[in-house]
Amino acid sequence: MSEPVCSTVDVAVIGGGPAGLAAAAAAARAGANVLLIDRNPQLGGILNQCIHDGFGLHAFGEVLTGPEFADRYVRQAIGAGVRLRTRTLVTGLSADGELVCSRYGARETVRAKATVLAMGCRERTRGMIRIPGARPAGVYTAGTAQWLTNIGNVRIGRRIVILGSGDIGLIMARRLTWEGAEVAAVIEKLPYPSGLPRNINQCLLDYDIPLHLSHSVTCIQGRNRVQGVTVSRFDENGHADSGSEFELTCDTLLLSVGLIPENELSRHAGVALDRTTSGADVTDEYMTSVPGVFSCGNVLHIHDLADWAAEEGERAGVSAARYADGGVVRQLQDNASIVVRAGAGVRYVVPQRIQRGVEEVLLSLRVTAPRGPTTIRAVCGNTIVGELRLRKAHPATMEQMSVRTAEAAKDLEVICE
Amino acid sequence: MSERIMTCILCPNGCELHVAWNGEPNEQSIAVDGNLCPKGITYAIDELTHPMRTLTTSVRVRGGVQRLASVKTAAPVSRDAIEAFRDQLRPVVLDAPAAIGDVVLENVKDTGVDVVVTRAVARRCGKDSA
Amino acid sequence: MNRTSNTQHTANQVADIAIVGAGVVGASLAYALSKLHCSVAVIEKEHDVGTAASARNSGVIHAGLNYAPESLRARFCMRGRDLLMAWCDELNVPYAVCGKLIVAARNEEIPGLERLRTMGEANGVPDMALIDADAAARLQPGIHCVAALHVPSSGIVSPYAFTVAMAEEAAVNGVTFHLGWEAKRIRVTENGAAVDTPQGTVSARWVVNAAGIHAGRLAQTIDPDAPGLYPCVGEYLILDKQAGESLGMSVYPAPPVGGAGLGVHLTPTTEGNVLLGPSDEYVSDPERTSCTGKTADRLLAEAKSMWPDLPTNLVIGAYAGIRSKRTSPQEGGFGDFLIRREPGTQRVIHLIGIESPGLTAAPAIAEYVIEEILRTEEAWEPVPPADRVRRPWPDRFDELSEDEKARRVAEDPDHGDIICRCEGVTKAEFLHALGNPLGVRTLSGIKYRCRATMGRCSGGYCLPRIVEILQDEHGWTPEQFTVRGPDSPSFVGRLLEENHE
């Protein structure tokens, strides 16, 4: 019987998806002794099952599949000397930098001077959105269906209805059609699609898959296996239009109804969370309310492109390395930072706090509703400190804008006109 | 004068292209607005004459730590040829290890396009059947 | 005929007792009988035990408040709770005597609380106290009321853990379980009685009909005057464990002025979740275990009126169970338990209308039925404790101390491999569930035994892990994955055929 192992590292990164890999590589390049911990046998996180392309345009100027994109960052991490611990789950994190890691045959404690949270997200489930009906087999979230199809080599069903027009649902519509299933329809509650127009085109229009906007599934038929779904029309206020129901026969229902940052570990470490993003409240250096704990990627806020998650990871990794080196990393203190607020037309902005005196910060944000040509402005009192002109804006697209905050004295508000 | 609005699928920007052309769509006859890069013009011409798509799918692996390797057409191919690619790929079984870039099928249907591995699969040690 | 050894029954022999239904009552009987030298066969139409009402209730150990004194419900509730807790101790099944608050939202409801206390006192319920709003808030912060009846002796138990644990320990001690056998008819035979199913006939000296919602109809196949039952659905919502951090005891509304019934409760579970429900709706289909949108909305609204800060965004699931009601929709209210013997040979005992407090009462009902049988049967000797095989419900790895976890990981390295992130379930726990003595190989069966897929992400991480383990290490084909049996296949086959191996 061995004693529990306790090792000490400069930076521990929890999660080996694009954000975690990039954070680990950046921290290592900055001179830190880095340990990256991931629960899967293969690094890359969710990218390993995202076998479609569209990754890497911004990061590498190429159009890559998910696994290829992940591979680039894995090589970077290994090349930078990051130590890797796969098939290992972090089950506990304390505010003073102690991680409890569990894997086959071992429970270990790792002490880290700085920790980067990069655990990604989970999917919203049928139970959370309370779709009526019994509990038949054949109801899957789109990401689980993607794993079953692309990794598990399992055929989940023959005739599929997909609820939610986000990218995961659209990609699966095409994937399942390519593998011989019939995708009867994609159902979207909003009056506009949530996924990229590119995916509406190459996943639905190419295959004549009907898209029912302003509709949702109001009942799942079938007791033991899905037999069909009841679909109803919904108005702008989200109320069902009684009398508008129709039935769609199917044996499988896929749910692509939202992603939720996976912050259980963060909660237990006492990290303060932002109610809108469900991720941590962070400074311009991506540090959370717990000193030495940083956050990036989908666990911080849901990204639209892995490229941005990786870039954000790099920024967090650099900050974590600096913190571990004893460098001054400013804290989430009310009197020493300006608060960033989402104003009219803006759903959320990250980071939520900017230290006074910082010259320039890159903000990530999403708008509340789709619109044509628009300008997003960051305002400090009466001064415009950042502006982003867009041909079109959509809640599904995460926008980024630089703000100049060297002179900022008051809190900052981001508004979309 | 013919007109169409289409969404470019070449990258996640998904530019909305306003396309106008006279007679046969080609570089001389076409006017494209809305593209953030020159590829949009090629895309518009292709889409009107012979739409091109990239196929991404899986193939079986024997003796690997995973049952499947993901693959892609190394370049876009005619949308009409996609089904032929899928049919040719279906019986393929790779022997592990498979590396990113390994050619799975060469020059399918004289398109000049190979199918390549996009996710590495290491060899499984011990048991040799999956 | 006296059996002196605990022999496993096979379908072509005559068992001492055949039990129809492996819900909590059938499992209690099997467990109690497994402690005696007799042969027992259990016939269950589903592919696991405890899948119907026994898994779909509030999980409450009732104090004995709400039943007419001298009724069977009162008598079996009071005796049952003691036995239930003793058996849970024997089996290591989790339970907690956390207490209950019955809250009055208006002063007009206070006399109803007083009536409940009086009825409880008549049934021997100890330590009840009528308390004011401040005292209630100290016991359970966040609850809105003007007064409350505090019932300290009320508790909670995991109903499926209890049922499964009893059934599995009975199984390893010689009780035969015929899962997937649907009892169609009971008839008198020269040896006693026989239960006919499409899969086979089971003959026995005694037959106990514990078939839940189907018990009335089944009784009528041998006893045409037996009463029928009315299915009444109760829908529930399940809240995330985060909500459970704020709820330390059950909270029920006071009986509405001018009505009967338990109302919509808030109940913590032994796992740390919170249950909202049940609703109350007569239906015609005895298998209608589906949830409706209107009811879910109503459950949330009623729960919020008792607990204004209720985090409704923490709903993670829903389920519905069917009550076996003796009273018709027109009558409403509750009928008493009916224990009815087949009038001719008296060898068939029907248990009809075992609704609330059925879970609490189950061990006492079992005890009573066995006593009745032993009045005419020759005594079955008890099995000496040393000869008994133990199959305790396993400790939840996630709830152990860090030292104990480290020790177990050293003993069994698969305890280090956590396959369900939300519930902290280890691969060793999963494999233990998979290897259950009843031979249950459904995803639902594995779920109830180890908690995998019962967490907030509903299997987002663990379902792929489970599929991987079963395919890669246990050779399962896609067709073998079912939710609860052959009728509920999870998949339709392979994506890409693997027959080249």
Residue ID - surrounded by the most Cβ atoms within 10 Å (Cβ to Cβ), chosen from residues in region C:455-501 that are farther than 27 Å from C:G424 by Cβ and acidic (D, E): C:E498
Every residue from region C:456-483 that is of a type outside the set (D, E) and assigned to a loop (DSSP other than H, G, I, E, B): C:R456, C:C457, C:S458, C:G459, C:G460, C:Y461, C:H474, C:G475, C:W476, C:T477, C:F481, C:V483
Leading residue by the ranking (nearest to the other protein chains (Cβ to nearest Cβ)) among those in region A:136-148 that are among the aliphatic types (A, V, I, L, M) and assigned to a strand (DSSP E or B): A:A137
Tally, over region C:116-137, of residues that are in contact (Cβ under 8 Å) with a residue 24 or more places away in the chain and surrounded by fewer than 17 Cβ atoms within 10 Å (Cβ to Cβ): 4
Options C:G435, C:G445: the member that is more than 9 Å from chain A (Cβ to nearest Cβ) and in contact (Cβ under 8 Å) with a residue 24 or more places away in the chain: C:G445
Options C:E182, C:E190; residue that is in a loop (DSSP other than H, G, I, E, B) and more than 25 Å from C:N57 (Cβ to Cβ): C:E190
C:Y31 being outside any helix (DSSP H, G or I) and buried (at least 23 other Cβ atoms within 10 Å of the Cβ): no
Boolean, A:G79 is of a type outside the set (K, R) and either without any contact (Cβ under 8 Å) to a residue 12 or more places away in the chain or within 9 Å of chain C (Cβ to nearest Cβ) (or both): no
Residue in region A:268-275 that is of a type outside the set (S, T, N, Q), crowded, with 23+ Cβ neighbours inside 10 Å and assigned to a strand (DSSP E or B) present: no
Every residue from region C:250-308 that is surrounded by fewer than 22 Cβ atoms within 10 Å (Cβ to Cβ), part of a helix (DSSP H, G or I) and either in contact (Cβ under 8 Å) with a residue 40 or more places away in the chain or within 14 Å of another protein chain (Cβ to nearest Cβ) (or both): C:G293, C:K294, C:A296, C:D297, C:R298, C:L300, C:A301, C:E302, C:S305
Failed item in (1) more than 16 Å from C:V24 (Cα to Cα); (2) in contact with a strand residue (DSSP E or B) (Cβ under 8 Å, 6 or more places away or on another chain), with C:R390 passing the rest: (2)
C:A410 vs. criteria within 14 Å of chain A (Cβ to nearest Cβ) and part of a helix (DSSP H, G or I): yes
Some residue of region A:149-163 being part of a helix (DSSP H, G or I) and modelled with pLDDT of 95 or more: yes
Region C:228-249 - residue that is closer than 30 Å to C:I339 by Cβ and part of a strand (DSSP E or B) and, of those, nearest to the other protein chains (Cβ to nearest Cβ): C:E235
Matching residues, region A:86-135, being more than 7 Å from chain C (Cβ to nearest Cβ), within 19 Å of C:P413 (Cβ to Cβ) and free of Cβ contacts under 8 Å to residues at least 24 places away in the same chain: A:V100
Enumeration of residues in region A:169-191 that are away from chain B (no Cβ under 14 Å), within 26 Å of the chain's Cα centre (by Cα) and in contact (Cβ under 8 Å) with a residue 40 or more places away in the chain: A:G169, A:A185, A:I187, A:K189, A:P191
Strands (runs of 3 or more DSSP E) enclosed by region C:73-179 - at least 2 residues per element that are charged (D, E, K, R) and at pLDDT 95 or above: none
Qualifying residue in region A:197-208 (condition: touching a residue at least 60 places away in the same chain (Cβ under 8 Å) and of a type outside the set (S, T, Y)): yes
Residue in region C:351-363 that is loosely packed, with under 14 Cβ neighbours inside 10 Å, at negative phi and of a type outside the set (K, R) present: no
Answer from A:G169, A:G180, A:G157, A:G152 - the residue that is touching a strand residue (DSSP E or B) at 6+ places or on another chain (Cβ under 6 Å) and closer than 30 Å to C:N499 by Cβ: A:G157
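Listed here are the residues, each with its yes/no results for (1) within 14 Å of chain A (Cβ to nearest Cβ); (2) surrounded by 13 or more Cβ atoms within 10 Å (Cβ to Cβ); (3) aromatic (F, W, Y); (4) not in a helix (DSSP H, G or I).
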position	(1), (2), (3), (4)
C:A366	no, yes, no, no
C:E372	no, yes, no, no
C:A386	no, no, no, no
C:R391	no, yes, no, yes
C:D398	yes, yes, no, no
C:E429	yes, yes, no, no
Unique residue being surrounded by fewer than 23 Cβ atoms within 10 Å (Cβ to Cβ) and aliphatic (A, V, I, L, M) when the list is C:V172, C:V208: C:V172
Selection status of A:A369, outside the structural domain of A:I46 (by TED's automatic domain parsing), touching a Gly at 6+ places or on another chain (Cβ under 9 Å) and surrounded by fewer than 21 Cβ atoms within 10 Å (Cβ to Cβ): yes
Subset of region A:1-31 [buried (at least 24 other Cβ atoms within 10 Å of the Cβ) and either modelled with pLDDT under 95 or assigned to a loop (DSSP other than H, G, I, E, B) (or both)]: A:G15, A:G16, A:G17
Matching entry among B:A81, B:A31, B:A122, B:A98 (being modelled with pLDDT of 95 or more and either crowded, with 18+ Cβ neighbours inside 10 Å or more than 10 Å from chain A (Cβ to nearest Cβ) (or both)): B:A98
Unique residue being outside any loop (DSSP other than H, G, I, E, B) and either within 12 Å of chain A (Cβ to nearest Cβ) or modelled with pLDDT of 95 or more (or both) when the list is B:A75, B:A69: B:A69
Selection status of A:A393, under 23 Å from the mean Cα position of the chain (by Cα), crowded, with 17+ Cβ neighbours inside 10 Å and within 14 Å of another protein chain (Cβ to nearest Cβ): yes
Test: C:P308 is out of contact with any Leu (no Cβ under 6 Å at 6 or more places or on another chain) and either of a type in the set (V, I, T) or on the phi < 0 side of the Ramachandran plot (or both): yes
Counted residues, region A:366-386 - those being more than 17 Å from A:I354 (Cα to Cα) and outside any loop (DSSP other than H, G, I, E, B): 6
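The values are calculated or read from the model by the stated rules, or taken from the named source; none is laboratory data. All values reported here derive from a predicted model rather than from experimental measurement. Cβ coordinates were reconstructed from backbone atoms using ideal geometry, including for glycine residues, and neighbour counts include every protein chain displayed.
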